[in-house]
Amino acid sequence: MNSKKYTTARIEKAEAEAKQLEEGSNSPVWLKAADDYVHEFLERLPDAPMYIEPAQENPFSKPNFAEEGGDMRKALDQFREHVDKTGIHTISGNMFGYIPGGNLLPAAIGDFISAVTNRYSGVFFSSPGSVRMEHMLIRWMCNMVGYPPSALGNMVSGGSPASLVAIATARDHLQVRSRDVERSVVYLTSQAHHCIHKALRIAGLGEEIIRQVPVDEGFRMKPDALAQQIEDDLGEGLKPFLLVSSAGTTDTGAVDPLDDLADVAEKHGLWHHVDAAYGGFFMLTDEAKDKFKGIERSDSVTIDPHKGLFLPFGSGAVLIKNVEALLHTHHYMASYMQDTQGMTEEHSPADLGPELSRHPKGLRMWLPLKVFGLRPFRAALEEKILLCRYFYDKVKELGFETGPEPDLSIAMYRYVPEEGDANAYNERLVEAIRKDGRVLVSSTTINGVFWLRIAVLNFRTHREHVDRLLGVLREKANHL
Ligand SMILES: *Cc1c(COP(=O)(O)O)cnc(C)c1O
């Protein structure tokens, strides 16, 4: 009966067309096209304008795929024109806005090879090598923050999912059930990254009480104020639950006094999560290591290799001291996975985080560390700290007002004109710099004051680039 539904002739016809996928996936010509693209991109990079407005017309407004395939180089030309040319160059040495990106070539090569080999990194059984590699990297980061060898975590795509994993784990470990949510209290500061609020909401904790603990003049959480707030909340019969501190805030680069905060968290049995998404890898430097003292006493840490380790976007990590708690929230059993259960040398990443089928995340981080070694990373991170201090002094000499002395590689500054609204003036200044295109900076508003920021975190950024930024600031401030 089934023979009605197929004939060998039909199979052969389908095969002949389907085989294009297979042949193309072995094509050295296409590899060469990719290689040429990358070469040309990197060659143009140093002088590429930092911001280009999108075209009036959206080239992607309609799906327009043909039945017949087209030329690889033509397709890549379209990608260059419609994607690569517009917006911000996150990986330029002239990038000082937001948190600059990175694109270490060995990481890109690692991604490429991981995609071609496509090992299934969700379960140990399927790719023990991928899982061992990822867990070695996680343990390396755990060791850096001073966690015990029993600690583990999960490689995810960024700091936001990393924070979500930590917060969901904290919720279950401290048994915050639905009925407890409205009485449970989270402590953070006005400078906590918004992904924490988002993670709380996604984790079903959106109705918790959120206390914004006061900060000192450097925007760091005040431990005394935290202790007092917890006492007050206990007095009201509330349930203090979670402390989220920052080891490098996005706005100002401030590192909270982690050791003093740990005292308070331990005394009251809070889960202490440290957001070190931006700042964490500065622990590799002698210059900044001491600022992180006490981080080893926390319960969980977010750290982003796609920030402080200069990897391309797609690498965040959550580190968790109590691996049982992490497993409790994320493990699962599915009957179609039954063959995979026997091997237990390492926990499977799928039991330690939200993803199942996932891009192998180890090679993009392992390969750069192998081929460069640690020394250039330490040097680059130290250089970023020093460049930020250099800028902080020089911009003052230009007559700018500055924010607090930088803890890491982010600082705030603004120009206060003799007359007129300072906020409006600085807003125009940011706009003028963006239009100019030689460098890119971004801004923030704190307590109603509009500040410009410098964030130094690109491995291509050196003193000449900071001098270029200073030159642009001098020029624009004179003109406005
Ligand atoms: C960037 C950042 C995040 C969010 O991480 P993503 O990787 O962008 O999701 C969280 N916290 C801090 C302090 C950050 O700088």
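The values are calculated or read from the model by the stated rules, or taken from the named source; none is laboratory data. Just so it is clear, the model here is predicted, and its values are computed rather than measured. Every residue, glycine among them, receives a Cβ derived from its backbone with ideal geometry; neighbour counts consider all protein chains shown.
Worth pointing out:
- Test: H197 is modelled with pLDDT of 95 or more and either surrounded by 19 or more Cβ atoms within 10 Å (Cβ to Cβ) or within 16 Å of the ligand (Cβ to nearest atom) (or both): yes
- Options L284, L205, L238, L258; residue that is closer than 23 Å to C388 by Cα, away from the ligand (no atom under 16 Å from the Cβ) and in contact (Cβ under 8 Å) with a residue 24 or more places away in the chain: L284
- Failed condition for G248, given (1) away from the ligand (no atom under 16 Å from the Cβ); (2) surrounded by 17 or more Cβ atoms within 10 Å (Cβ to Cβ); (3) of a type outside the set (V, I, T): (1)
- Residue, farthest from the ligand (Cβ to nearest atom), within the stretch 216-235, restricted to residues that are in contact (Cβ under 8 Å) with a residue 12 or more places away in the chain and not in a helix (DSSP H, G or I): E217
- The stretch 371-388 residues that are closer than 11 Å to T285 by Cα, paired with ones that are β-branched (V, I, T) (beta carbon under 7 Å, 6 or more apart): R378/T285; L381/T285; E382/T285; K384/V456; I385/T285
- If you filter the stretch 299-335 down to residues that are part of a helix (DSSP H, G or I) and hydroxyl-bearing (S, T, Y), you find that the one that is surrounded by the fewest Cβ atoms within 10 Å (Cβ to Cβ) is S335.
- Residue check for E296: surrounded by 16 or more Cβ atoms within 10 Å (Cβ to Cβ), among the acidic types (D, E), over 20 Å from the mean Cα position of the chain (by Cα) and not in a helix (DSSP H, G or I): no
- Condition check for D71: without any contact (Cβ under 8 Å) to a residue 40 or more places away in the chain, surrounded by 12 or more Cβ atoms within 10 Å (Cβ to Cβ) and of a type outside the set (S, T, N, Q): no
- You will find that of V264, V255, the residue that is modelled with pLDDT of 95 or more and closer than 20 Å to M412 by Cβ is V255 and no other.
- Within the stretch 375-397, the set of residues being exposed (fewer than 15 other Cβ atoms within 10 Å of the Cβ) and more than 21 Å from G102 (Cα to Cα) comprises D393, K396, E397.
- Qualifying position, being within 14 Å of S300 (Cα to Cα), aliphatic (A, V, I, L, M), away from the ligand (no atom under 15 Å from the Cβ) and buried (at least 24 other Cβ atoms within 10 Å of the Cβ), among A170, A151: A170
- Residue check for T249: of a type outside the set (A, V, I, L, M) and assigned to a strand (DSSP E or B): no
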